[in-house]
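Before I ask anything, here is the structure I am working with.
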Amino acid sequence: MEGKARRSVNGVMTTLRFLIATVYAVLMILYLPRLKFDNSLERWVPPSSPEIVKYKKFLEEFGSDTALLIVLHDEDGFETPEKQTKMMDLLDRLAGLPDVKNVLTYPPPLFRLKRVPEKNLFSFLVVFEPPSHLNPNRPELLKSVRELLKTVPFEWHLAGTGVLHEAINEETKKNAARFIGLGLILLTVLMLFVLRSLRAFLMTVGVAAGGVMTLLITAGIGGIRLSMVTAILPVLVLFYGTSSSLHVLFHQGDFRKVASPCFVAILTTSIGFLSFLFSPVPLLRDFSVLGMAGIAGGFFWAVLLFFPRRYAFEPPADLVRFLQKTPVFSSPYILLVFLVVAAAMVPGVLRLRADIYSLDVISPSNRWVMDHHYIENNVCPYLPLEYTVEIERVKAPELNDWIAAVCELEEVAGAVSFLNYSLFRDQGGSAYFSSDGHLGRITFLIPVLSTGQGIRLVKRIDDLASRKLPGIRPEVNGYVTLYAVVAEELRKAFLSSLALAFILIFIVMGIYLRNRRLWLASILPNALPIVYIVGLMGWLGLKLNMATVPIGCLMLGILVDNTIHLLFWYKNTGSLKAALQESAPGMLLTSLILSTGFSVFLFAAAPPIRFFGILSIVALITGLAGDCILLPVLVRMVTGHGHGRN
């Protein structure tokens, strides 16, 4: 009867596997082509931010500050009547493109520039209507401009905030494809070496692929656009998806033996993502949803493929013997070593700062990055740093004196103010006057800076205003100032998500362990690796940015998995040695595989993504050391023994 029931369950599960695989295949065909990539600033800024309200008001008064800068180059110059005619024809064709509000030769006559462009360059400024106040991207306009420029018999270069965002989107697409391709190759080689069984390999990869498909289908159905942050998730889910499979396979393929710790491990890892769900930053909420979907999807496929016991796997005996040789450490001085290292990292933790530099996340060989540098070096920096002043309160000589002093700063390439347009107020100068005539606008041209550099520049400009314009404080505004808001939101998100993840994860651990002493022993082995990587970031001068902000709560959720498996077996065997023999193979292999997965990011062209990979590997190594070396010491200290049943 028992054999008949088992065959019946297996038959049902086989049918279920086929049906679910078919549904997944259909959904992938339907939704994978719909995936979009978007790294626009509006996804990073909370809609309720006071700075957003101020920026909206600025746009209502003065109009959009988004533009494209087109630079043409010809060694013989553009002074002949024939070339002048071609330039005017190009100007008319640009002005006829959809969403274009105005096209000007650049620099306009009223702009005050510190450097005059060479005569072999001819430039246009294309002012366009953005899709929204926080999104300067018009990919369809960029495509139209590029197609138009291909018909021009001159070397051309294109720059602007929207162009850099397009470059980030292109880089994100390349990274996503490169990471998944390289990840699949590494995972295949590693799994075949470790498992030495084609069937076990196919089941393990099936679980990992199921998690990735769940993530992508969720993005497609939910209309969630992928970004430079979420582009790391498919690789993470791909490699993390092997963890449950390995623990099952190294217990003779019997899912029931490890179902409990595997479920709790999945739960705590999901909490690492869940902590971002409450962030006011839209993109971090998307990161949370997709991460949880991928992790939960991987566990769902593990149950689907391994339950109840589809494959009686016998792991390679030589590999098992090697992995089970993990010694049981007992010296209390080990705790002292871990604490001393943590103390050395604390000053680094205090030095950590959030900072964003757009060009850091794009390959230097990207065409649009090269165009950006060409235009900054040969024409001038082009990003507008906007200020407004109350016209009635300021005197023209004093204001001009302040503008001249600001233009002397190294970062400032030029300026234009409402004073330059006062004679043309009724003929197109209104963009520099508010609708009620109360406010006037001043624009300084600056290079692309990091948020830290931008904040320091604004402080120096404000200091000049306090000396040159006594009693008057020009108010900084414009699109570029919003990056400071993003940096502050990233700092808040890092701290709040890490605190929330820590609280929730260890509440789950307490409920699961139901043993106060073991719960206390579990805290330091998982908390210290986070202190190490955050402190390392501070000491090395690495910044919290769009790529590194998830690392704290993400790694905490992953690291606690090994603790769960070790303490599960300790509670069941009553012996640390026996617990390590049962859990060490899975712990060591999953750490190795995850480290291999994160090593994929070392091949990224963008430094922040490479640093994310390095820091993640450091966290995995120190976390494994915490579980294999420190945790047994702490268990013995809090229980008073380590070989008898607790």
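Quick check: the distance between the Cα centres of the stretch 65-122 and the stretch 171-229, to the nearest angstrom?
When both Cα centres are located, 47 Å separates them.
Given the DSSP H assignment, sum -39500 (n - 2.57) over each helix run of at least 4 residues in the chain and divide by its residue total; what's the result at 222 nm in deg cm²/dmol, nearest 500?
Counting only the DSSP helices, I get -20500 deg cm²/dmol.
Moving on to the next point. From zero up to wherever the largest Cα-Cα distance of the stretch 159-220 sits, split into 5 Å bins and tell me the percent of pairs in each.
Bin by bin from 0 Å, the calculated values are 4, 15, 16, 19, 15, 11, 8, 5, 4, 2, 1.
Over the stretch 484-569, calculate the relative contact order: mean separation of alpha carbon pairs under 8 Å at least 6 apart, over the residue count, as a percent.
After rounding, I find 48 percent.
I would also like to ask the following. What number results when the radius of gyration of the stretch 168-284, computed over Cα atoms, is divided by 2.2 N^0.38 Å?
This ratio for the stretch 168-284 stands at 1.18.
Next up: I need the Kirkwood Rh of the chain: take the reciprocal of the average 1/r across all distinct C-alpha pairs and report it in angstrom.
Here the Kirkwood hydrodynamic radius works out to 27.6 Å.
Considering the stretch 461-508, what Rg and Dmax in Å follow from its alpha-carbon atoms?
19.1, 60
Summing +1 for each Lys or Arg and -1 for each Asp or Glu, what net charge is found among the other residues whose Cβ lies under 15 Å from the Cβ of I505?
-2
For the stretch 13-62, what ratio Rg/Rh do Cα atoms give with a Kirkwood hydrodynamic radius?
Taking Rh as the inverse mean 1/r over Cα pairs, Rg/Rh reads 1.44.
Regarding the stretch 227-305, what's the average projected area of the Cα-atom convex hull, expressed in nm²?
About 5.0 nm², averaged over all directions.
Is the stretch 465-606 best put as rounded, prolate or oblate by its Cα gyration tensor, with a ≥ b ≥ c the root eigenvalues, rounded for a/c under 1.5, and otherwise prolate when a/b is larger than b/c, oblate when not?
Verdict is prolate for the stretch 465-606.
Also, I was wondering about something else. Taking K325 as the anchor, which lysines have their alpha carbon closer than 19 Å to its alpha carbon, excluding any fewer than eight residues away along the same chain?
Hits, sequence-local ones excluded: K577.
Under the Kirkwood approximation for Rh and a Cα-based Rg, what ratio Rg/Rh is obtained for the stretch 411-503?
For the stretch 411-503, the value is 1.13.
Which of K57/K173; K114/K143; K114/K150; K114/K468 have a Cα-Cα distance over 23 Å?
Violating the 23 Å Cα-Cα cut-off are K57/K173; K114/K143; K114/K150.
In Å, the Kirkwood hydrodynamic radius of the stretch 564-646 over pairs of distinct alpha carbons?
Result for the stretch 564-646, one decimal place: 14.0 Å.
A further question on this structure: Of all the Cα-Cα pairs you can form in the stretch 90-219, what percent are over 23 Å apart?
Every Cα pair in the stretch 90-219 considered, those over 23 Å come to 57 percent.
Relative contact order for the chain: what percent, with Cα pairs under 8 Å and sequence separation of 6 or more?
19 percent.
Projected area of the stretch 55-163, taken from the Cα convex hull and averaged over every viewing direction, in nm²?
Over all viewing directions, the stretch 55-163 projects a mean Cα-hull area of 7.5 nm².
Hey, any idea what % of the chain's accessible area is carbon plus sulfur with a 1.4 Å probe?
Carbon-and-sulfur percentage of accessible area, whole number: 63.
Over the chain, with the other protein chains present, what is the accessible area per residue in square angstrom, probe 1.4 angstrom?
I get 41 Å² per residue for the chain.
Rounded, prolate or oblate for the stretch 293-344? Axes are the square roots of the Cα gyration tensor eigenvalues, ordered a ≥ b ≥ c, and the cut-off for rounded is a/c under 1.5.
oblate
Which helices pass in the chain if a helix is a full DSSP H run, must span at least 30 angstrom along its long axis by Cα, and must have mean Kyte-Doolittle hydropathy not below 1.6?
Passing helices, by number: 198-222, 482-513.
Please report, in cubic angstrom per residue, the volume enclosed by the convex hull of the alpha-carbon atoms of the stretch 567-610.
About 68 Å³ per residue, rounded to a whole number.
The values are calculated or read from the model by the stated rules, or taken from the named source; none is laboratory data. Owing to the predicted nature of the structure, the values given are computational and were not obtained by experimental measurement. Positions of Cβ are generated from backbone atoms using ideal geometry, with glycine treated the same way; all protein chains shown enter the neighbour counts. These accessible areas exclude ligands, DNA and RNA; they are computed on the full protein's heavy atoms, side chains included. Shrake-Rupley method; radii C 1.70, N 1.55, O 1.52, S 1.80 Å.
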